[in-house]
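Inspection log for the structure reproduced underneath, given as structure tokens.
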Amino acid sequence: MQLKRAIAVLALAAPLFAAGTLAKSSALLALTTNGEFVELDAESGKSSKLGASVRTGGHLMASDALLLPGKRGVLITQVEIGESSAQTRVLRLALDSGKTLESWPLLNGSHDALCQDGPQHALAVGGASRPLKLMRLDLEQRSTSELAKLDSRLWITSLAFDSQGQLWGLHMRTPELDHDALVRFDRASGAALEIVRLGLPTLALALEIDARGRFFVAADHDALHEVDPKSGKALRSMRTESMRIIALDPL
């Protein structure tokens, strides 16, 4: 199921620093479906291309992006689709040039929704089918460990911390929960503490929470929405200059 959804829609969101802290800039880093990185103005929706890009097309797709602290580049999960299975690799790229600095395989299946969790770790959502798992990636040891199983109704495509250190996810509709939603999680157990239905006109693709605590959701049809996490309604909406965004991260 994850493979089918990865082909249809890819998404990510992640905070820049340790869990519970937000970046100091409200500018957003966006990854588009064609593998380009752009700087996105959260106020206007205007964008400018950055130097980095990741190869996509054919059997290769970029599924997630995470800007690392300390100018260490950007982390990418890249999925290679085979005839009967998919393989995922983690790439660390230089943001200015797109040069691959290091690369390693993920042996425990596909991982989406990368989210910074301290200087050397990231959270992710993994699994080939529901229930998905909340995972922790050790970026030094290149290993993964399972933290919790998620609600079997949920298909989470983005993770982000708010200003209070609470973990949120973006749910993409499933037969059991047939609407996009913001989900607030208990990190220790993986339990869904709150599910807020999104009132957006098109499919939600990626979530990010900026330095001011504002919730942004990138959606289909080149849209970026600031949403109210209590009601799920759009506070304002912007066009993103003919870009289909699959990942958001604060710059």
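What follows is calculated from the coordinates using simple rules that are stated; it is not laboratory data. Quantities reported herein were computed from a predicted structural model and do not represent experimental measurements. Using ideal geometry, Cβ is built from the backbone for each residue, glycine included, and neighbour counts are taken over all protein chains shown.
Annotation: extensible slack from Leu203 through Arg89 equals 38.4 nm (criterion: 0.36 nm per residue apart, minus Cα-Cα distance). Considering only the Cα atoms of segment 119-175, their convex hull presents on average a projected area of 4.5 nm².
Working note: Debye formula, equal point scatterers on the alpha-carbon atoms of the chain, no solvent; log10 I(q)/I(0) at q = 0.07, 0.09, 0.17 Å⁻¹ is -0.19, -0.32, -1.31. List the pairs from Lys149/Lys230; Lys49/Lys149; Lys133/Lys230 whose alpha-carbon separation is above 29 Å, in the order I gave them. Among Lys149/Lys230; Lys49/Lys149; Lys133/Lys230, the Cα-Cα distance tops 29 Å for Lys49/Lys149.
Its alpha carbons give segment 162-201 an Rg and a Dmax of 10.8, 33 Å. Rg over Rh for segment 194-251 works out to 0.93, both radii taken from alpha-carbon positions and Rh defined as the Kirkwood radius.
Give me D for segment 60-166 in µm² s⁻¹, whole number, from Stokes-Einstein with Rh from the Kirkwood sum over alpha-carbon pairs, 20 °C and 1.002 mPa s.
Here the translational diffusion coefficient equals 150 µm²/s.
Taking only DSSP H segments of four or more residues, each worth -39500 (n - 2.57), what value at 222 nm results for the chain once the sum is divided by all its residues, to the nearest 500 deg cm²/dmol?
Mean residue ellipticity, 222 nm, calculated: -500 deg cm²/dmol.
Specify the residue with the greatest mean-square fluctuation among Lys46, Lys71, Lys133, computed from a Gaussian network of the chain linking alpha-carbon atoms under 10 Å apart. Most flexible of the set in this elastic network: Lys71. Placing one equal scatterer on every Cα of segment 134-251 and applying the Debye formula, the log10 ratio I(q)/I(0) at q = 0.11, 0.14, 0.18, 0.20 Å⁻¹ is -0.36, -0.59, -0.94, -1.13.
Ranking Thr174, Thr157 by Cβ neighbours within 10 Å, fewest first, what do you get?
Starting with the residue having the fewest Cβ neighbours, the order is Thr174, Thr157.
Projecting the Cα atoms of Ala204, Ser237, Ala223 onto the charge dipole of segment 204-251, computed from C-beta unit charges around the Cα centre, puts Ser237 farthest toward the positive end.
Within the listed set Val217, Val54, Val125, the residue fluctuating most in the Gaussian network model of the chain (springs between alpha-carbon atoms under 10 angstrom) is Val54. Out of Gly70, Gly35, Gly213, any idea which swings most in a Gaussian network model of the chain, alpha carbons joined below 10 Å? Highest fluctuation of the listed residues: Gly70.
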